[in-house]
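Engineer: There's a structure below that I have some questions on.
The values are calculated or read from the model by the stated rules, or taken from the named source; none is laboratory data. Everything quoted here is computed from the prediction, not taken from an experiment. Positions of Cβ are generated from backbone atoms using ideal geometry, with glycine treated the same way; all protein chains shown enter the neighbour counts.
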Amino acid sequence: MSTRARTTARRFGWALPLTTALSLMATLLAGHARADAAGDAALAKLVKAYAALPGYVSEVKFENIQSERGWTTTQAGVFRASFERAGNKLRYERPDIVLVSDDKRLMVKSNQIPGRYLDVAAPKSLAYAALKETFPYIAPPPAADLVLLLSPDPMEEFIRGFASPWAPFNTRQVKDVTVLPADEQKRAGIQADAELGTLTFRLDPENGLVSRVVFDRRLPEEAVKAGVMSRMTYAIVASPKAPSADDKPWTMDVAGMEAIASVPKWLGQDEKPGAGPGAGAEQDGPEKLVGQAAPAVALARMDGEAYKLADDKAKVVVLDFWATWCGPCAAWMPQLQDVAKWAREGKKDVAFYTINERETPEQIKRFMAMAKIDLPVLLDKQGEVMTSYKVSGIPTTVVISGGKVVNVHVGVEPTTKADLKKEIEAILDGKGNEAKGK
């Protein structure tokens, strides 16, 4: 993903017309799971119900849980959404951003970018795909309530949002949709099966809206036997009604802030360091380092030996920032190891180091053993090197030669592995200065 990112018209009482609600719940509350036609029909009814909502308010609690043999890492956050179909009005809040949109303007401000806010033309249609196109950093992870409200194919959208960046998006991810019996809380269910894993919607028995989303990633058999678990959950408290007038959800306090009319410029990617409010190092991505002297690296290896970038004699040094809980990192590691093997077998003058942030050697060893990765690991226990390289998203892969940063890859794309090889060969052939940050 070579990205540069650092994620109710009038009031009424029920989410659905009564006949639609009863029909949907009758289908979903069937005693046994039924696949294919029944599942597709139940999902279609749910999509139609959300599309008919004139208003909506929700609070979503998100958890990303990665567990192995009693060791568990959890990421959590609270997201809020307010929606009014008349005028395409939307407000979306998560810990780092506030987004407000109507049929004319879309505005975003972030606590990570002080002094300025994004102010661009709103998408012509308030569909999830159009929203992502206008403001790509609305995801990942998928914004659950917005997916449900604005996507015509919410289960497919969720699966794509969880998928590795190089997943074959020209083919459909969801294979089967199944109706599930009600759980102990009398919540009917719809489940989608995909190669990546299973996605489950549970419906509030009172209003028929989705109250819980669970994605269980499908893992290799050996990982399951080792006690590995990967689950993302969204607990949704939703009200099918217009936001209160007292809340004034369609306003944003931007007093004293500069309006920026493009996403890259708002992120600081079109500015020189120090130019304009909020253009300091905190807002600059690692791509800003391309062509600059590589920040110092002085860290301990897993075996306790000290490593200094300044002492490395390799013509090319590749640094990869990662963590064990990061799904894209886990998917990228084997590919990076393949590149390292390619370089080693080709007797290329390249050194590879992965830099782990703030995790213990025991955690890292378990992960490396499970994933069968043997790349060298440097321990960035305080996150100081990650900060000096301006890393805000992982994996981030940095290519260095002659003491300078030649290229940076933030995230991964289908071509990242091949691109990295080409960049290494270009440097070794004396053409490395032609590489640019992606």
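Engineer: Consider THR354 against the criteria (1) among the β-branched types (Val, Ile, Thr); (2) modelled with pLDDT of 95 or more; (3) in a loop (DSSP other than H, G, I, E, B): it satisfies all of them except one. Which criterion is unmet?
Structural biologist: Going through (1) among the β-branched types (Val, Ile, Thr); (2) modelled with pLDDT of 95 or more; (3) in a loop (DSSP other than H, G, I, E, B) one by one, THR354 breaks only (3).
Yes/no per residue for (1) outside any loop (DSSP other than H, G, I, E, B); (2) surrounded by 18 or more Cβ atoms within 10 Å (Cβ to Cβ):
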| residue | (1), (2) |
| --- | --- |
| ALA86 | no, no |
| VAL120 | yes, yes |
| PRO123 | no, yes |
| ALA130 | yes, no |
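For (1) part of a helix (DSSP H, G or I); (2) at pLDDT 95 or above; (3) more than 16 Å from the chain's Cα centre (by Cα); (4) over 29 Å from PRO334 (Cβ atoms), each residue gets a yes or a no:
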site: TYR137; (1), (2), (3), (4): yes, no, no, no
site: LEU146; (1), (2), (3), (4): yes, no, no, yes
site: GLY161; (1), (2), (3), (4): yes, no, no, no
site: SER164; (1), (2), (3), (4): no, no, no, no
site: ASN170; (1), (2), (3), (4): no, no, yes, no
site: ASP176; (1), (2), (3), (4): no, no, yes, no
site: ASP193; (1), (2), (3), (4): no, no, yes, no
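Engineer: Among the residues of the stretch 195-220 satisfying the criterion of being within 18 Å of PRO142 (Cα to Cα) and of a type in the set (A, V, I, L, M), which is modelled with the lowest pLDDT?
Structural biologist: This residue is LEU196.
Engineer: Contact list please: Cβ distance under 7 Å, first residue in the stretch 305-328 and on the phi < 0 side of the Ramachandran plot, second residue assigned to a strand (DSSP E or B) and of a type in the set (Lys, Arg), pairs at least six apart or on different chains.
Structural biologist: If the second residue must be assigned to a strand (DSSP E or B) and of a type in the set (Lys, Arg), the pairs left are TYR307/ARG301.
Engineer: If you don't mind, another one. Based on what the data block shows, is ARG344 assigned by TED's automatic domain parsing to the domain that holds LEU289 and over 24 Å from the mean Cα position of the chain (by Cα)?
Structural biologist: Yes, satisfied.
Engineer: Continuing with this model, one more query. Specify which of the listed residues (VAL385, VAL405, VAL391, VAL339) is within 24 Å of the chain's Cα centre (by Cα), outside any loop (DSSP other than H, G, I, E, B) and not small (Gly, Ala, Ser).
Structural biologist: Answer to the check: VAL385.
Engineer: Report whether or not VAL254 is in a loop (DSSP other than H, G, I, E, B) and at pLDDT 80 or above.
Structural biologist: So VAL254 fits the description; yes.
Engineer: May I ask you to list the residues in the stretch 108-118 that are part of a loop (DSSP other than H, G, I, E, B) and touching a helix residue (DSSP H, G or I) at 6+ places or on another chain (Cβ under 8 Å)?
Structural biologist: If the condition is that a residue be part of a loop (DSSP other than H, G, I, E, B) and touching a helix residue (DSSP H, G or I) at 6+ places or on another chain (Cβ under 8 Å), then ILE113 is the only one that fits.
Engineer: State the number of residues belonging to the stretch 335-351 that are closer than 17 Å to ALA426 by Cα and either touching a Ser or Thr at 6+ places or on another chain (Cβ under 8 Å) or not acidic (Asp, Glu) (or both).
Structural biologist: Looking only at that region, the number is 10.
Engineer: Now for a separate question. Could you please tell me which pairs satisfy a Cβ distance under 6 Å, a separation of 6+ or placement on different chains, a first residue in the stretch 414-438 that is over 16 Å from LEU319 (Cα atoms), and a second residue that is modelled with pLDDT under 70?
Structural biologist: The qualifying pairs are PRO414/TRP166; ALA426/GLY432.
Engineer: Only residues that are surrounded by 13 or more Cβ atoms within 10 Å (Cβ to Cβ) and at pLDDT 75 or above: list them for the stretch 260-275, please.
Structural biologist: ILE260, VAL263, LYS265, TRP266, LEU267
Engineer: How many residues does the stretch 376-407 hold that are buried (at least 18 other Cβ atoms within 10 Å of the Cβ) and closer than 18 Å to ALA331 by Cα?
Structural biologist: Residues in the stretch 376-407 being buried (at least 18 other Cβ atoms within 10 Å of the Cβ) and closer than 18 Å to ALA331 by Cα: 7 in total.
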